[in-house]
Every structure is written in C-alpha cells, then in structure tokens.
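Report on one structure; see the data block that follows.
Coordinate-derived values only; no laboratory data. Note that the structure is a prediction, hence the values are computed from the model and not measured. Cβ placement follows ideal geometry from the backbone for every residue including glycine, while neighbour counts extend to all protein chains displayed.
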Amino acid sequence: MPLEKKSYRQIVNAILKRLGETYEQFTYSKAKVRYFLSGKVIEVITVEGISKSAKREFKKDVDYKFSENFIEWLYEGERPDEGTEFTVVYKSQRPEITDTAPGSVARTLIEAISREIEYLNELICQAYDAGFIDTSSGDSLDLVVAILGIRRKPPQPASGYVTFGRRTEPESIQVKGEVILYDGSVSYQLKSKLIKEVVNVKGVTQNVKKNYRKDIDYSLVGRQIRWLPNGEKPDEGTTFTIDYEAYREIVIPKGTKVSTYSSKPEEVKTYITTEEAFLTPVSEGVWEVEVPVISTVPGPLGNVLAGSVTVLPQPLIGIEYVINKNDIGGGLDAETDRELRDRAKHALEIAGKATLPSLETAVKSVEGVSSVLVKDTLDGVPGVVKVIADGGDPDKIRKAIENTRAAGIKVEFSRPRAVYIDVELTLIVGKVVSEVEVSRRVEMLIRSYISSLGIGDDVLFYKIAALALSVQGVIDVSDVVISSYRGGMEVLKSDKENIEISDEEKALARNILISFRRVNRA
C-alpha cells in the first residue's frame, strides 16, 4: 500500500480533530459480550482490532452496537480474535482540552509539532519512493538498478584528433661514426628516427677498407640501411660505420594542452593529448603529426567543429601551428534518470535475446553510446538487421551485438550520417538588455537541444523559436532560418518548416548566428 504524503495543514486539522476524542482499550473474551466505556459518550467514531489474524475496523450495527455507554458485540457480525485487544474511539461530552483557537497554548504546541511531523513524513515518503524504479532518483535510482547489474553511464568527454605542424624543415644534426655490427642481415636500423641524408658508409670487405656507394652497395629506406644484392658488403662479424644527417625530432609530449580561442576565458575549451608523437614530413616543406586528444571537461560542451582548436597555451619548440581538421565529438552528459529507468526496464529483455528491443538495449548499454536505431528486414531481405549507433567504442558495440543477436541473423553496424545544422535568427530585445549574455544563453540552449536529438529525429522549427523566447530579456524572435548541410548535396533552408532527418542521419549543430533588434522597452 503506497504511503500518503500529508501537508502541514492536513496534519494540523487531523490533530485538532483528535483532541475531542477519547481512546479506550479492551481485551476481547468470548465469555464477555458487553464492554463499558468510562467516559460520557456522545458518538462512537471507530472500533478497531484483530479479526482472523488481520487488522480490521468493525462496522456499527453490523458487528457491534452502542447503547447506554456499552459496546455490545452482535452474534451475526465479525468479532476480535480471542485474547486480542480492540480499541474504541469516541467523542466525549467533556474533552480534556477545550481551547484550540489560534494563539492558544494548545494550538501553538499543535502547530509546532505538526511542522516536525510534516518533515518526518517527507523523509519517510522519500525513503519509500527510493525503493521503486519509477519513483526513485539520483543515487537512490542507482542503488535500485544495481540489483539488475546496471550502472549509470558517466559523462563522456569529447575526443578526436588535432594536427600539430610546421611549414619549414626542422633543424638538422650531424651524426658521425655510428657503429653497427654486420651479421649478414639485409637491413639495419639507425638510431635517429628522421634521416635526411647518408653522407658516408665505411667498412671492411675481404680485409680491405671500403667506402660503400649509395644505390649500388646500399640504399636508405626510411631509417634503415639496406644492403643491395649485387653490391659490396662488409665482411661478416666486422663493424661498419655510418655518417649521416638527421632532422632534430620535434616531440609533442603526452598531456600537451590545446584549446579553442575566445575573448572570454570561461568559453575556452581545453583538450590534452593522450599519447606522445613527433613531426614527420607529409609534403614538400610541410611537417605534421595527428595526435589523439580528449576534452578536460566531460560532457557535450567539449564537442567542437573542425577548425575550432587553434591555440597552444604553452608553446612547444618547433611547432608553428595546431588545428583540428575534423570535428571533435562524442562528449555526453551523464545518463539521466529517465534514460537509466528506460534501460533498466528493458534489461530483462537481453536475457531473452533474439529480439530487436534486446539488441537495442544491449548496444545502449555500451559506455559512450548516445543514440541507437535498429532496422529490421533491411532492404526487404529477411534475416538482416541494421544497427545504427552514435558514440561508443565500435569494437565494444560489435561485441555487444554478437553476444545478443540470434543465430542465423546477420547484423550490420554503421554510424549515422552527419547533417550539419546552421541557425540564423533575430532577437527582439529591450534597450537595456545585455546582448552578450542573451546571445550566449540562446546559443547554449539551441546547441543543447540539437545535441539531444537522437538518430532520425527531425529538427523542429517551433522548438528553436521557443527556446530563444524562453530566455529572459527576449521579447520576440524573427527571421528564423534553419539550414541543413549534407555531404555532396544541395543546402536546404527553411524559414517555417521542420528539417527532416532520415533514419540513418543525425543532426549536429554547426553555426548559430544571432542578430539583435532593439525596441523602446525595458
């Protein structure tokens, strides 16, 4: 039976009502039918006791009757169990407390006690609700779903790749007399990683000192010296020396910080490299390396478009520029209570397997997955299912699919195609409103809305306008244009219709362009 939450006023009224009531308890015996009430009774309110091992409220004139200050049990009605106690509550002609008007001592005490009872009632209701999946929240919900072996997905930081580079060759260094033992192998690796040019290779062939010839006796492949089949080679067991010119290594250490640019420090987004790397030549005069990075702050705020990361807060020797050539994404908020409830309710479906909901639930359980769409009977071919998942490690997703799919069912896995969304709108504001703050708030709301859309979810035109209007200081919104960009396709613009997203696409916010028009209102 669910608990009933009572308000402060309900508690006060209940206590005031009870002040004029008297309670008397009796032990029931079959040998005794009538029980005398000591007070002068105006009205019997309730008679409660245990009947057939269950708590029961007995009915007047059915189970008992009242006359001449006696409770008399009727032969045909229900009675308390032998030896159990029953309670009679009645209104007395002379209640002990008579002054309960506001401001009286009794009323003041009642109201003070009622406040404490209300607080305790709230705590009890919270504790009760915390035990059920539909009413628990936060840490309590985490404990409830833990019974099913499920835990809340933590927030995920955005990740991607950043390119470090320079447009001139690095400084070269001279390496003289590097000694290598010839043991008959074809190739030998040099100590330096970036070889510019081999100057001289010396050794002993048939007990005669030799200067070996490039492309006749040996060749340079990357950082390896390779002896050619028809050329002269050192005698086995002797050493040969190499003089060469190498490029100085320009290293990007693990943990290097990069960031976006903004005139406001609080809007700067920072990332760190997750592995060490060094520059290598990619074209004439251009040296670059692509390094994986991860946002320092978990959540969707770390998601940025290509070209956004351009700042190296602490300069590195030899690095002339840094830029992300592709989007940095995958940042997600922690799983919400609603999402966790839905996943927990479907958790038992995984045990059944072989169903589309169980497949969807299994993929959703992979850390980092934000949205999943499962399509049955792909292209009209039975036995083929397609899973489209956004976020998460692809190997873990494939493993979850393999562990869940039914025998004989082919499951194809793919990522959703990106549809980039640009939003232009004009905000009508009063003359004293801060454009900077309003613009920041509107942009944040629009980006959050678009990032919350799942695979195949349309971008709703009215929702964009409603979000802008919800910001304090915005009087009206006009000239709203939503543009969608798909690779290799014509740009679609809408000034009143929704942007339709197919079931294999996902909307991604790109540019939010906000202009203002002021009116003579505060």
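Here is how the numbers come out for the structure above:
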{"quantity": "Selection from Y247, G177, I195 lying farthest towards where the dipole of segment 172-247 points positive, charges on Cβ", "calculated": "Y247"}
{"quantity": "Pairwise FRET efficiency - F132 versus V282, Cβ, R0 = 45 Å, nearest 0.05", "calculated": "0.15"}
{"quantity": "Restricting segment 1-38 to trypsin sites (Lys or Arg not before Pro) in coil, as DSSP defines it, with at most 11 other Cβ within 10 Å", "calculated": "K30, K32"}
{"quantity": "Per-residue ³J(HN,Hα) for segment 65-77, Karplus 6.51 cos²θ - 1.76 cosθ + 1.60, θ = phi - 60°, Hz, x for Gly and Pro", "calculated": "9, 10, 7, 6, 6, 10, 9, 10, 6, 8, 5, 7, x"}
{"quantity": "Centroid-to-centroid separation of segment 463-522 and segment 406-453 [C-alpha atoms, Å]", "calculated": "9"}
{"quantity": "Net lengthening on full extension, K191/V491 (0.36 nm per residue, minus Cα-Cα)", "calculated": "102.7 nm"}
{"quantity": "Estimated dipole of segment 417-519 in Debye, rounded to 20 [Cβ of Lys and Arg +1, of Asp and Glu -1, Cα centre]", "calculated": "440"}
{"quantity": "At least 20 Å along the helix axis (C-alpha) and Kyte average at least 0.0, DSSP helices within the chain", "calculated": "105-129"}
{"quantity": "Distance between modelled label sites at D243 and K52, nm, 7 Å Cα→Cβ extension", "calculated": "11.2"}
{"quantity": "Centroid-to-centroid separation of segment 115-185 and segment 1-28 [C-alpha atoms, Å]", "calculated": "51"}
{"quantity": "Candidates per GluC sites (Glu not before Pro) in segment 141-206, loop by DSSP, up to 15 other Cβ within 10 Å", "calculated": "E171"}
{"quantity": "Inter-label distance for N13 and N520, nm, one decimal - labels placed 7 Å from Cα along Cα-to-Cβ", "calculated": "5.4"}
{"quantity": "Out-of-range pairs (alpha-carbon distance over 24 Å; input K6/K65; K463/K506; K32/K52; K191/K254; K345/K410; K5/K91)", "calculated": "K6/K65; K345/K410; K5/K91"}
{"quantity": "Cα-projected label distance for E21 with Y75, points at 7 Å along beta-carbon direction, nm", "calculated": "3.3"}
